1. If we scan region 24-44, do we find a residue that is under 27 Å from residue 101 (Cβ atoms) and within 21 Å of the chain's Cα centre (by Cα)?
2. So how many residues does region 238-275 have that are part of a helix (DSSP H, G or I) and more than 15 Å from residue 344 (Cα to Cα)?
3. How many of the residues making up region 264-283 are within 20 Å of residue 63 (Cβ to Cβ), out of contact with any His (no Cβ under 8 Å at 6 or more places or on another chain) and surrounded by 14 or more Cβ atoms within 10 Å (Cβ to Cβ)?
4. Could we say that residue 309 is within 20 Å of the chain's Cα centre (by Cα) and either in contact (Cβ under 8 Å) with a residue 60 or more places away in the chain or not assigned by TED's automatic domain parsing to the domain that holds residue 124 (or both) here?
5. Exactly one of these conditions fails for residue 315: (1) within 26 Å of residue 169 (Cβ to Cβ); (2) buried (at least 18 other Cβ atoms within 10 Å of the Cβ). Give me its number.
6. What is the number of the single condition among (1) under 17 Å from residue 349 (Cβ atoms); (2) surrounded by 19 or more Cβ atoms within 10 Å (Cβ to Cβ) that residue 227 does not meet?
7. For region 183-196, state whether one or more residues are more than 26 Å from residue 140 (Cα to Cα) and part of a helix (DSSP H, G or I).
8. Quick check: anything in region 283-305 more than 22 Å from the chain's Cα centre (by Cα), within 24 Å of residue 183 (Cβ to Cβ), of a type outside the set (Gly, Ala, Ser) and in a loop (DSSP other than H, G, I, E, B)?
Amino acid sequence: MTSGTISRPSTAGNSPSPARSWFGCSTPALLLYVIFCLALAVADYLRPLPTFDRYLYAGAVASLRYSDPATVQRIARTEFDAQPDPFQFESVAAEPYFADVYNNPDHFIQQLGFYRVKLGYIATGYALWRAGLPILTGLRLLSACCLLITGLAVLAWTHETVLSALLLLAPSVLTMGRMVTVDPLSTTLVLLALLAFAKNKDLLAAGLLTASVLLRFDNAILVLVLLAWMIWKKRLSLSLGALFGALSAGCIVLTNHFSSYYGWRVLMQHSFIKPEMEPVKHPIPISLAGYLHAIAALRVIPYTYMTIWLLVAAAAWRKLPPKSALRTLLPLAGICTLARLAIYPNVEDRYFLWAYLLAGIALIQAAHSPTSTTEEDALP
């Protein structure tokens, strides 16, 4: 052996364990992390958020089987009243909408078009219901499972068990498993699509994103932005990109047909100006003045978690390695967020969870990159 040569034991035939190759950690560390995620998921399942939406989602699921308003409302009320953390009607006593929709079957059934539009989520809840689970129990279980899967996806991306666990404990993320809404399932599907994109699985990423449009129409913004970027960078052919774009449009048309959706302008009026108790009989579209009033509500952004996550994303982006996929994804996420706020100016965290998770993952990845210490930063 020549001088300066270091002999190393042969590793031929020694393949890494699945835990190491998929998640970048040892099997014991992965087991502890999974137990941690399971504990969070169970805790969230047992304490759902006390929202009125649970009542309407239960009705939307039941309406796939029954058409009689009284029957659908009876099923939804039975489900709603049996849930833990009941909705506090006394806290909204000044708003007649809640009491009216809770007690009037005709007005109740007219609200369901706003919820059936999340067709993929409602269909999943219906499948769980037909499998034997109560409607809201199945939807709560679905949200808890989404938190678990999201935790595993974060670890697969970061390969950092402790930092991934801390990200799941962030307030915006931790409540994900408590939501009885479409948002946990949508967030999980979008995050898996972005993970596939980062791993250069472009067809899988495009397919998952297209499927996510069945959950939320606004996911079409992310689909179009990411498809345009992949076509521009020649990661996806123009014909394939057009195919996935057409499929996304088809998902929207299909959902509109089966959900009896009332349209964007009626939704905006209902959400930001005044809830309409009879949107089928008396649809009221939002006016330009009403839209400007809704947009003006975005002035609360500096007082929300969105500002903190924006800081995290910006700081992490500056430190990311040049070839990191997150250097592309973070600006694209910013474009999608701005477009989404323009279309539906609601700043609730649940609409942007996928972007917040992306920012957190970028911060963890940036922690691995080399840092330089200037004279001002150096300790004496």
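1. Yes, region 24-44 contains at least one residue that is under 27 Å from residue 101 (Cβ atoms) and within 21 Å of the chain's Cα centre (by Cα).
2. Counting residues in region 238-275 that are part of a helix (DSSP H, G or I) and more than 15 Å from residue 344 (Cα to Cα) gives 22.
3. 6
4. Taking the combined requirement at face value, the residue satisfies it.
5. That leaves (2) as the condition not met.
6. Every condition holds for residue 227 apart from (1).
7. yes
8. yes
The values are calculated or read from the model by the stated rules, or taken from the named source; none is laboratory data. No experiment lies behind these values; they were computed from the predicted model shown. When we count neighbours, we look across all protein chains shown, and the Cβ atoms used for this are built from the backbone with ideal geometry, even at glycine.
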